[in-house]
1. Helix 150-161: angle to the longest alpha-carbon principal axis of the chain, degrees 0 to 90, nearest 10?
2. Cα centroids of segment 118-141 and segment 184-223: how far apart, whole angstrom?
3. Going by how many other Cβ atoms sit within 10 Å of their own, how do 55, 130, 237 line up, fewest first?
4. Which of 119, 125 comes first, and how do the rest follow, when ranked by fewest Cβ neighbours within 10 Å?
5. Assuming R0 = 41 Å, can you tell me the calculated FRET efficiency for the pair residue 88 and residue 162, based on Cβ-Cβ distance, to the nearest 0.05?
6. Which one, [x] 1.25; [y] 1.12; [z] 1.18, gives Cα Rg over 2.2 N^0.38 Å as derived from the coordinates shown?
7. Which of rounded, prolate or oblate describes segment 23-97 when judged by the alpha-carbon gyration tensor and an a/c cut-off of 1.5?
8. So if we plug the beta-carbon distance of residue 100 and residue 134 into 1/(1 + (r/R0)^6) with R0 = 25 Å, what FRET efficiency do we get, rounded to 0.05?
């Protein structure tokens, strides 16, 4: 199947105008030992915005997204700002601890290119991955949120043994499960580097699921490299034959590093979710 990836250039002028519209920024003086440096940003006419706070002695700000403007108004009017924050904001909105991905990774500009592509779904996904690994002769770059599937690990080990350079980056929280630990040990035992990626926010993750082969082919999609994904989930995967696309994915792979700071976790720690 032949598909085409288009640049965003045709819409660039419209998007640029929207992107560069200066947001409205409001600040709030808070006489609290717990909540500091409170600010709220929103676009003119928007119904919600981003709330930024600093907590206690922690120098790293926390951002809360899509906080309604009426909640901001109630926050401003509340007699006890710390109490209002704890009851009405702290666990009610998606949040980001520290820098955003945009602040640490300059995403490649979308390109226009012709590609050969194949799409797979559900139980078909693993076969596409295994075939791509088998075809590789030079390099395989793996970005895995969850990785417990022994057949895929065995294929990577076989590739390593025939001289292919193989490297893996994986979400650190998902790597704590026994199945993942066993797999990581086997990969490292064969000389395959496995880098665990720690993200700052308690609810953030290294959520990529892609592989780059010989800087020519890419597989990417919702499919985690796990048995649950293979036998239980609704999944999709796209295989692409395009050096241009492979180069962009490799740039994204290179940029994946652990965050410099980690959000302090509340006690008791939340229960971990089994790999998807």
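Taken together, the values in this text are just the output of simple stated rules run on the coordinates, not laboratory data. Not measured: the values here are computed from a predicted model. Methodologically, a virtual Cβ is constructed for each residue, glycine included, from the backbone with ideal geometry; neighbour enumeration extends over all protein chains shown.
1. For 150-161 against the chain, the angle is about 60 degrees.
2. With segment 118-141 and segment 184-223 each reduced to a Cα centre, they are spaced 15 Å.
3. So the ranking, lowest neighbour count to highest, is 130, 55, 237.
4. Sorted ascending by nearby Cβ count, the order is 119, 125.
5. On the way: r = 58 Å, r/R0 = 1.42.
The pair residue 88/residue 162 has a calculated efficiency of 0.10.
6. After the calculation, the listed value that fits is [z].
7. Numbers: a/c = 1.55, a/b = 1.34, b/c = 1.16.
It is prolate, given that a/c is not under 1.5 and a/b is the larger ratio.
8. Calculated transfer efficiency: 0.10.
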